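Participant: Mind looking over this structure? Questions follow.
The values are calculated or read from the model by the stated rules, or taken from the named source; none is laboratory data. Every value quoted in this text rests on a predicted model; they were computed, and no experiment measured them. When we count neighbours, we look across all protein chains shown, and the Cβ atoms used for this are built from the backbone with ideal geometry, even at glycine.
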Amino acid sequence: MTIDSIPPAEGAAGAEEVHVTKPPLDSRIGKDDPFVFGKRYLTNEEEVFSHNAWDHVEFGEEQVEQAKQMIEKQYENPVAEFDKTLYNTNPAKYWDIFYKHNRENFFKDRKWLQIEFPTIYELTGENYNKPATILEIGCGAGNTFFPVLNQNKNPQLKLFGCDYSKVAVDLIKENENFAPNHEKGIAYSSVWDLSNPNFEIPEDMEPNSCDIVIMVFVFLALHPDQWKHAINNLAKIMKPGGQILFRDYARYDLAQLRFKKGRLLEDNFYIRGDGTRVYFFTEEEMRSIFTEEGPFEEKEAVEDVS
């Protein structure tokens, strides 16, 4: 999840400008090795770019209150009922349009995966050398899929990339780096709806076979009524002991607070200008969706060494 601080009001007392030069990504990769969540503290603002994310960032009561006030204004002008039905009936249509207008060159490869999700690189490392299955849900134009595939050194890897946009899947298959029998493993890509109510799993995939499922800014596109179906489908494809690597927007993110009138679909659920949907979660919601209402267990990644 990502939470951005609300900037102080213009001219606010005590506000100081901090000028920071962002170092090259290559100089930052590996700074979290060994990687331990919960121990990346920002004590010097000039080092803000040392990591892709920081732990224990303070979000005070005043900031929360400011955020609530901004969201209250959004309720004054929600999306019209007719338009709600339009957007919720066929969301894949808007993602198809999105990828027709924004092809692979529009996106940057997610090189930060090595920093945030090192587990991926354990299964794709040359020392692993045993069968492994990784699925990326919401593969889009391949900006996670191809970095994982191209650096893979495990010849027994099966890498799946799925999206409910056919245009996105076509972009994957048209990419020069895609081949079903790739020299660095076996690659698959297919159209699949994570929230389908029929418990269908991706094409060519065996039930309970995934060691890792990657979901980066994916769950946020689902209507809350679809969450249960999505969780059930995840349970059907996950191997016992497998891991879901998850990232989405958090409640009160600046992306939420910046929405203007006519964008609010439901509580914390919005429509973007391109017709795609986005939800803003709390940590408690995610825990409830996956572990209380769903069959998954939370794995603590932070060790208490006090």
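Participant: Might you let me know whether region 130-146 holds any residue that is farther than 27 Å from Asp274 by Cβ and either under 20 Å from the mean Cα position of the chain (by Cα) or modelled with pLDDT under 90 (or both)?
Facilitator: yes
Participant: Also: With the condition being buried (at least 16 other Cβ atoms within 10 Å of the Cβ) and free of Cβ contacts under 8 Å to residues at least 40 places away in the same chain, I'd like the strands (runs of 3 or more DSSP E) fully within region 141-241 carrying at least 2 qualifying residues.
Facilitator: 157-163, 185-191
Participant: Please work out which one of (1) outside any helix (DSSP H, G or I); (2) free of Cβ contacts under 8 Å to residues at least 40 places away in the same chain is the condition Glu122 fails and give its number.
Facilitator: For Glu122, the failing item is (1).
Participant: Moving on. Condition test on Val218, is it under 18 Å from Lys93 (Cβ atoms), touching an Asp or Glu at 6+ places or on another chain (Cβ under 7 Å) and modelled with pLDDT of 95 or more?
Facilitator: No: the conditions fail for Val218.
Participant: Please enumerate the residues belonging to region 248-295 that are at pLDDT 95 or above, over 27 Å from Asn233 (Cβ atoms) and part of a helix (DSSP H, G or I).
Facilitator: Residue satisfying the conditions is Leu257 alone.
Participant: To continue, here is another question. Within region 269-285, track down each residue that is crowded, with 16+ Cβ neighbours inside 10 Å and either among the charged types (D, E, K, R) or closer than 27 Å to Leu113 by Cβ (or both).
Facilitator: Hits for region 269-285 are Tyr270, Thr276, Arg277, Val278, Tyr279, Phe280, Phe281, Glu285.
Participant: Here's a follow-up. Would you mind stating whether Arg103 is under 27 Å from Tyr164 (Cα atoms) and either modelled with pLDDT under 95 or surrounded by 13 or more Cβ atoms within 10 Å (Cβ to Cβ) (or both)?
Facilitator: yes
Participant: Here's something else I'd like to know. Considering only residues that are hydroxyl-bearing (Ser, Thr, Tyr) and under 20 Å from Ala179 (Cβ atoms), which ones fall in region 106-165?
Facilitator: Of everything in region 106-165, those that are hydroxyl-bearing (Ser, Thr, Tyr) and under 20 Å from Ala179 (Cβ atoms) turn out to be Thr124, Thr133, Thr144.
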